[in-house]
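We did not get these values from a lab; they are worked out from the coordinates using the rules stated. Everything numeric in this text was worked out from a predicted model, so none of it was measured. Reconstructed Cβ throughout: ideal geometry from the backbone, glycine too, with neighbour counts over all protein chains shown.
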Amino acid sequence: MSDGQLVQILEGNTFVVSDRNGDIDASPVDATGLFSFDTRFLSKWVLTLDGERLNALSTDDLQYFETRFFLVPGTGTVYIDANLSVIRQRVVADGFHEELTILNHDDKPVSLEVRLEAASDFADLFEVKDKLKKKGAYHHRIERGRLVLGYTRESFARETVISTALPAKIDEGGLTFKVKVPPHGLWKTMVDVRTEFAAWGGGPSQPAIGAGTKMARGLDKWLQRAPRLECDSDSLRATYHRSLVDLAALRFSTRTLPGRSLPAAGLPWFMTMFGRDSIFTSLQALPFTPELAQTTLLALGERQGTRVDDFRDEDPGRILHEMRYGEMTAFEERPHSPYYGCVDATPLYVVLLDEYERWTGDTKLVRGLEYEARAALNWIDEYANLQGNGYVAYKRRNEKTGLENQCWKDSWDSISYRDGSLPGFPRATCELQGYAYDAKVRGARLARLVWKDPEFADRLEKEAADLKRRFNRDFWVEDEGYFAIALDVDGRQVDALTSNNGHLLWSGIVDKSKAKSVAAHLVGKRLFSGWGVRTMAEGEGRYNPIGYHVGTVWPYDNSFIAWGLRRYGFKEEAARVAAGILDAAEFFDGRLPEAFGGYPREMTKYPVQYPTACSPQAWSTGAPLLLLRTMLGLEPYGEHLIVDPGLALGIGHLELLDIPGRWGHVDAFGRGRIDIKVDVKK
Amino acid sequence: MTETIASDPTANFFDGLAKRGHEPLLQNTSGTLRVELRTGKQTEHWYVTIDKGDIAVSNANEEADAVVRCDKALFDEMATGRANMMTAILRGVFETEGDLGLVISFQRLFPSPPKSVYARKIR
């Protein structure tokens, strides 16, 4: 992981971030520690031998949930001819389980004091992020062979239980072992750290012991079940493998749907359910692991809004933005129980439901979620028409802790006019109209096919056609030939050129006559960096190649842009975007970051990573998967899968074998034939 | 059915459920939920049986797929939209046991907070 830190993860939202020694020594504001359900259960976990910290020789990430640290006594840069080595092997599962081994390489016995220093601040992730103070009280208990660290605020209670297999001297600050290691012998113990809380169906259910092998088997099965990729490019193969492993790590289980998982948004801050991120990632992964989409639809459906609640920005039919379980959420100091301030997730929910059916033929799920889908479609017209002009728009009702920007480009300056000035609220961003259009078209298909309601289907189709007509009139920036990023509250175009145009192609809302000009902009000099499409075009008032949503390149964004280009027949342009992003992936060892700099490719020669704490991130992980789909031109058609490859020359030969779907399993082949005229890298 | 008096929001809530008969919000839900509400040393029990959206309410002892437990005063608040079930669970004042999917479906039935206004009207 970056910054010399390690992240491990299991059961979705339990994770450990430590240094290369395996130690945790967190300040109140950094994200090291053992976290579970958005609470830090250990902020200190430091191993010493005779009072001295250890030095890492090597650190191996065995699996995403398991790490081995090889350590020797002595710190500093001078090499010490150590007669001892220490192995810490850590598996994350409802807390973590650590096996501690000390090897004596000398021919004399050695006596040691082994100490594990432990403490917890029980910080809520929000407190770590926003540097806030705790309001409750700490306690500890020393029981037989156990140290219990605890925190309570009124009835809110969280505990960390540390126990050991061998006898230890236990005090409130940790465990001490008096150890004698024979000549050329070893000493070994297990230490167990469990996170406990009574809320939400009880605490952890399974012991950590043995979890490692169970998880390893689970990961093997996951990798075996996914389609196999055969290709000339080692880099692409590595990226594909990395994506599948990271996606496995990002799986998150909710307690209401045991045994199933959906993608969480990212590590370490976003290991939770996010409407938008879970839906986009499920769409990207559909040809590979359709069960993620199924769980996403069920889990988001369960928590679909039913009330009008200003604090949570909730409306009936609205799909949630983010779910959290920490102290600040519990005491309603934050609205994430769940928070609904997101406008795109609701139409995208219907889009995912339809796309899922097209791939899997699972009409049973579509029938089961009829109410939820209808409620989502109803929300679009009933609750999102905030400008009163029939367009989907957003404006938060929770002005204290709600989100100001509720579209995917959620930073304060992402939506601007060409001159850089910012519109007021409500804002109707263009991609939202595309999603709403697509939701209506797809909803109509499902209404006819599954819900057997042709009248509803007719109505939706009429509304979609009307929306498309108005949209192509009102959002079209005539002099430049692209779509404005938004309409302001006066109906004026917010006219900066942005990557949102690619999402419009994906949704199908763009008039055929306008598509060519849009595609030309997407791969033109102002938007295309050589690696990918920038979030905002060079030359706009707010353009900044390292501005979060105003010039950086987002792999996720590009994967949907490539899909959009394919939808309108721009095979070559889609191949260019795919090739650029996959070339960039090589520089990140197959793990694409959330975003990278929008500098021209010929200027930097390598993609400059945008500084961010979150990696891997789900929709970046999903980007190579969707790009494989767009390169091979995979498209369900009735009971068949159409394959229509469009690959850049440099990709060479490509085979994706055993693609699951309503057709059973099929293989797809392609060969790079498109000369994309991008500078060869390096 | 227990005696309903106007000042008992919980009883009103369950009466409302019983009268509703069918609730499309719960069309995918089936199961029996036992609600245990404490007032001092006394506990009252409500049983809500859902059969694909058809709701029946009773006080008779039945086999339950899930159990929820809290102070009656808190349930009164939830029954009028003033308290939220999920945050009550996280604070440890609302206990759950058994089928959590059923519990999550049940929480859909609580009303909106009284002060909320339609987004459309605050433009």
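Some points to look at:
- The trypsin sites (Lys or Arg not before Pro) of segment A:92-149 that meet both conditions, a loop assignment by DSSP and at most 15 other Cβ atoms within 10 Å of the site Cβ, are A:Lys131, A:Lys133, A:Lys134, A:Lys135, A:Arg144.
- With 21 Å as the limit on Cα-Cα distance, the pairs of A:Lys364/A:Lys452; B:Lys41/B:Lys72; A:Lys108/A:Lys178; A:Lys131/A:Lys400; A:Lys462/A:Lys571; A:Lys129/B:Lys115 that go past it are A:Lys462/A:Lys571; A:Lys129/B:Lys115.
- Sorting A:Arg318, A:Arg237, A:Arg90 from the fewest to the most surrounding beta carbons within 10 angstrom yields A:Arg237, A:Arg90, A:Arg318.
- For peptide A:300-308, the mean count of partner chain Cβ atoms within 10 Å of a residue's Cβ comes to 5.
- Distance in nm between pseudo-label sites at A:Ser421 and A:Glu572 (7 Å out along the Cβ direction from Cα): 4.1 nm
- Taking label points 7 Å from Cα along the Cα-to-Cβ direction, A:Ile546 and A:Ile642 give a separation of 4.4 nm.
- Between 0 and 90°, nearest 10: helix A:512-522 axis offset from chain A longest Cα axis: 40 degrees
- For segment A:2-210, alpha-carbon Rg over 2.2 N^0.38 Å: 1.02
- Computed over the protein assembly as shown, the per-residue total of -39500 (n - 2.57) for DSSP H runs of n ≥ 4 gives a 222 nm mean residue ellipticity of -9500 deg cm²/dmol, rounded to 500.
- Stretchable slack from A:Cys614 to A:Lys400, in nm (0.36 nm times residue separation minus alpha-carbon distance): 74.5 nm
- Straight Cα distances below 17 angstrom link A:Lys395 to the lysines A:Lys409, B:Lys121, with same-chain residues fewer than 8 positions distant left out.
- Contact order normalised by residue count of segment A:2-210, Cα under 8 Å, 6+ apart, percent: 20 percent
- Neighbour-limited loop hits for GluC sites (Glu not before Pro), segment B:4-99 (at most 12 other Cβ within 10 Å; DSSP other than H, G, I, E, B): B:Glu63
- Here r is the Cβ-Cβ distance between A:His653 and A:Asp30 and R0 is 41 Å; the resulting FRET efficiency, rounded to 0.05, is 0.35.
- Only Lys, Arg, Asp and Glu carry charge here, each on its Cβ (+1 for the first two, -1 for the last two); on that basis the protein assembly as shown has a dipole of about 660 debye about its Cα centre.
- With K and R counted +1 and D and E -1, the other residues having a Cβ less than 11 Å from that of A:Leu292 yield a net charge of +1.
- Segments A:495-501, B:55-61 sorted - mean Cβ within 10 Å per residue, highest first: A:495-501, B:55-61
- Two-site label geometry, A:Arg68 and A:His241: point separation in nm, points 7 Å out along Cα→Cβ: 1.8 nm
- Cut-off of 10 Å, at most 15 other beta carbons, DSSP loop: longest stretch of chain A lacking such GluC sites (Glu not before Pro): A:173-398
- For segment B:72-91, backbone nitrogen atoms closer than 17 Å to the point 7 Å from B:Thr39 Cα along Cα-to-C-beta are found at B:72-80.
- In chain B, inverting the average of 1/r over every pair of distinct C-alpha atoms gives 15.0 Å as the Kirkwood radius.
- Acute angle (nearest 10 degrees) that the helix A:275-285 long axis makes with the longest principal axis of chain A, alpha-carbon atoms: 80 degrees
- More than 40 Å apart - percent of Cα-Cα pairs taken over the protein assembly as shown: 39 percent
- Acute angle (nearest 10 degrees) that the helix A:234-249 long axis makes with the longest principal axis of chain A, alpha-carbon atoms: 70 degrees
- Loop trypsin sites (Lys or Arg not before Pro), segment B:56-109, which have at most 16 other Cβ atoms in a 10 Å radius of their Cβ (DSSP): B:Arg82
- Among A:Met273, A:Gln284, A:Thr329 - extreme Cα towards positive end, dipole of segment A:226-671, charges at beta-carbon: A:Gln284
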